[in-house]
Structure formats: C-alpha cells, structure tokens
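Every read-out reported here was derived from the displayed coordinates using simple, explicitly stated rules and does not represent laboratory data. Note that the structure is a prediction, hence the values are computed from the model and not measured. Positions of Cβ are generated from backbone atoms using ideal geometry, with glycine treated the same way; all protein chains shown enter the neighbour counts.
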Amino acid sequence: MEVISGFEDLEAFEVLHPAEQCVPFVFNSPHSGCHYPDAFLRASRLDSTAIRRSEDAFVDELFEHVVPLGAPLLRARFPRAYLDVNREPYELDPKMYDDRLPSYANIRSIRVAGGLGTIARVVGEAQEIYQGRLCVHEALERIETIYKPYHQTLRRLLAQTHVAFGYAVLIDCHSMPSAIKTSDGSPRPDFILGDRYGTSCAVQLLDAASETLRGMGYRVSRNKPYAGGFITEHYGRPVKGLHALQLEINRGLYMDETKTRKHAGFATLAQDLGKLAKALVAVQGECFFPDALAAE
C-alpha cells in the first residue's frame, strides 16, 4: 500500500506501451491499484489490511510480460475500494450519501444492493468501508476525474488497435479470493474465464485459454461464478470485431492473502501467464473478424 495526498499530483492510472504494438491485444488491470488517498483512509473505519480485501493485488505485475510481447497494458493506481471502473459510471447507493443523487444514477442494480457499486460501500465479506455518509459531490468528482478518463483511455487503446489490425481483443485481468465457493461443491478453480456466456468474444479465444491453462495443470471454470463484469459486457462486441475476455486468478496461487504479500508461487504463475499470453495472441485472426461470425 502507498498512502498519497491525492490524485492531483499522481496519475490515477497508466498505460505501459510496447515499443511497437505488434499484436491486436490490449490487457487491462482495473483493480490492482494500491495508492490510497490519505483522506479516504481517514474516512474509513477499516485498518490498512482490511481495506485491501477487494484489491487485485499484484495482478498488473503478473501481466507486465505482455508489453515486450507487443501489447499495451492499462493499469489502475487507484484502489477498487475507492472507485470501481468495472461498474456502470453511476451505480450509486443512496444510503451512502447525505444529499440527493442525480436522477440518472442507477440506484437499483444488484451490485449496488450488494454494496459493490461504482463507489463501493463494502469490501471483502461485507465489511463496511466508511465511518459516516459521503457527500454526493465527492462521488461525482471521482467519476469525472478518474472513472471517465480511465474509460476514455481504454476506448482509445481498443479503437487504435481495431484500426491497425481490423479487430481488437481485450483481456480483462482480475483476481479472486482463494476461499471462493462453488455451487456444486467441486474443487475451487484456479482460473475462471468469463465471456458473458458466449456473447463477448470468439469461442476460439475462450477455448485456447482453457486448453492452455488446463495443459499446465490448472483447474479452470467457465463463467461460474464470474461471467465478466461491466468492462467485459460493455466492450465485448464480436459482431463489430471487438472481443473481451475476463480472466480471474485464484489469489492463493501467488500471494499470502492475509498479509497481502507475494509468496513463492508468484514467479511460477507469472511465467505460466506468459505462456498463456503467447497462446492467446497465436489464435488465428480469422475468427475475430465480423465476417467470420456472420458465416457461423
């Protein structure tokens, strides 16, 4: 964790650009930010360990190898507990604020009900973040100054990729608690691949990811319990040559979740994810073009 005065003097996110983008892929790590504004921490009732429960710690580092492979990597510096860009821009809980939300806010989504809107109310196992109510202006300022520029940057990267290659593939990178429960009592997966039940990317991409990971000995689940969030759903438009796949990694593979520290498995996993990235970019491009989908 890095404690900062705010994002006025520190860019809230960054793009790691390759010397030349030579593959039609964009990688995104929206929840790995670990820079916490001091005022945010003072407004929280949680200690420095508990507030990081929703952070996809070190996921951006696990995927840094994609840059020399020729793909850009967009990564957040702000933490998910502060702002979640994998939500609609205005999924806001009216119970969190001391004044009225704007009429365009989505106050009835399932994610808002669970405390996990654009401005989250809870982290981890329903642990309340804030000591008191927030002012609406503060929430809207986070959205205007960080959320919207983040998505503008992501859209630009995908648009530039689409123009250069004729299609674009987004890999949205996340992590999940190792204690994740499965509905059928099966062993906890090491990876969950989400394509919004076949709607956000070419099936060949999902198949390649699944076969590669299983070939390395990992347990892989598709769409359950995570089928992909707002980013996967919003940017995955296969009929337009825009594909999005969400990748969830079991944190127990690479970190001590209690102490938010890497353990010995980090290096092995990073190496295996490098193999995965190479397998994904090797998928035949024909399946990503809109004409290929129309022919199926």
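Name the GluC sites (Glu not before Pro) in region 1-43 that are in a loop by DSSP and that have at most 15 other C-beta atoms within 10 Å, would you?
Working: sites: Glu2, Glu8, Glu11, Glu14, Glu20; in loops: Glu8, Glu11, Glu20.
Listed in order of number, the matching sites are Glu8, Glu11, Glu20.
Please work out how much length the chain gains when fully extended from Ile107 to Arg42, using 0.36 nm per residue of separation minus the C-alpha to C-alpha distance, in nm with one decimal. Numbers along the way, then the final one.
Values: separation 65, 0.36 × 65 = 23.40 nm, distance 2.60 nm.
Here the segment from Ile107 to Arg42 would lengthen by 20.8 nm.
Note down the magnitude of the dipole of the chain about its Cα centre, charges +1 on Lys and Arg C-beta and -1 on Asp and Glu C-beta and zero elsewhere, to the nearest 20 debye. Each step should come with its number before you reach the end.
Details: 33 positive and 38 negative charges, 119 e Å.
Value, rounded to 20: 580 debye.
What spacing in nm lies between the two simple spin-label points modelled at Arg155 and Glu125, each 7 Å away from Cα in the Cβ direction?
Going by the 7 Å Cα→Cβ label model, 4.1 nm.
Counting only residues 5 or more places away or on other chains, whose amide H sits under 5 Å from the amide H of Ser175 once H atoms are built in the peptide plane?
Here Ile249 satisfy the definition.
Mind grabbing the base-10 log of I(q)/I(0) for region 198-289 at q = 0.24 Å⁻¹? Debye formula, identical points on the C-alpha positions, no solvent, two decimal places.
At q = 0.24 Å⁻¹ the computed log10 ratios are -1.27.
What FRET efficiency do you get for Lys224 and Gln204 if R0 is 22 Å and r is their Cβ-Cβ distance, rounded to the nearest 0.05?
Values: r = 21 Å, r/R0 = 0.94.
For Lys224 and Gln204, the calculated efficiency is 0.60.
When the Karplus curve 6.51 cos²θ - 1.76 cosθ + 1.60 is applied with θ = phi - 60°, which whole-Hz ³J(HN,Hα) does each residue of region 12-19 get, with x for Gly and Pro?
For region 12-19, the Karplus curve yields 6, 7, 8, 10, 8, 9, x, 4 Hz.
Apply the Karplus parameterisation 6.51 cos²θ - 1.76 cosθ + 1.60, with θ equal to phi minus 60°, to every residue of region 49-54 and state each ³J(HN,Hα) to the nearest whole Hz, in sequence, with x for glycine and proline.
8, 5, 5, 8, 4, 9
Determine ³J(HN,Hα), in whole Hz, for all residues of region 77-94 in sequence, where each value follows from phi through the Karplus function 6.51 cos²θ - 1.76 cosθ + 1.60 and θ = phi - 60°; x replaces Gly and Pro.
9, 6, x, 4, 5, 8, 6, 10, 7, 9, 9, 4, x, 10, 7, 10, 9, x
Can you tell me the dipole magnitude for region 113-225 around its Cα centre, using point charges on the Cβ only (Lys, Arg +1; Asp, Glu -1), in Debye to the nearest 20? Working shown, then result.
Working: 13 positive and 11 negative charges, 16 e Å.
Dipole of region 113-225, to the nearest 20 debye: 80 debye.
Expressed in nm to one decimal, what extension gain is obtained for the pair Ala267 and Leu10 from 0.36 nm per residue of sequence separation less their Cα-Cα distance?
Working it through step by step, the gained length comes to 89.6 nm.
Once both labels are modelled 7 Å past Cα along the beta-carbon direction, what's the Lys148-Ala164 spacing in nm?
About 2.8 nm, to one decimal.
Give the Debye-formula value of log10 I(q)/I(0) at each listed q (0.30 Å⁻¹), with one equal scatterer per alpha carbon of region 126-185, two decimals each.
-1.17
Can you list the lysines whose alpha carbon is less than 29 Å from that of Lys262, not counting same-chain residues fewer than 8 positions off?
The qualifying lysines are Lys181, Lys224, Lys275, Lys278.
Once the piece of chain linking Glu64 and Ile180 is laid out straight, how much longer is it, given 0.36 nm per residue of separation minus the C-alpha distance between them?
Values: separation 116, 0.36 × 116 = 41.76 nm, distance 2.58 nm.
That works out to 39.2 nm of additional length.
Taking Cα pairs under 8 Å and at least six residues apart, what relative contact order does the chain come out at, in percent?
On the way: 571 pairs, mean separation 57.2, N = 296.
Across the chain, relative contact order equals 19 percent.
Compare the Cα positions of Thr212, Pro68, His17 along the charge dipole of the chain (+1 at Cβ of Lys, Arg; -1 at Cβ of Asp, Glu; about the Cα centre) and return the one farthest towards the positive end.
Thr212
Just from its helices, what would the mean residue ellipticity at 222 nm be for the chain, if runs of 4 or more DSSP H residues each count -39500 (n - 2.57) and the sum is divided by every residue, rounded to the nearest 500 deg cm²/dmol? Intermediate values should be presented prior to the final figure.
Details: 10 runs with 85 residues, N = 296.
Dividing the helical sum by the residues of the chain leaves -8000 deg cm²/dmol.
Under a GNM of the chain (C-alpha, springs under 10 Å), which listed residue has the highest mean-square fluctuation: Tyr226, Tyr147, Tyr218?
Tyr218
Between Tyr130 and residues 5 or more places away or on another chain, which pairs have amide H atoms under 5 Å apart, with H built 1.01 Å from N, and which residues are they?
Answer set, sorted by chain and number: Arg45.
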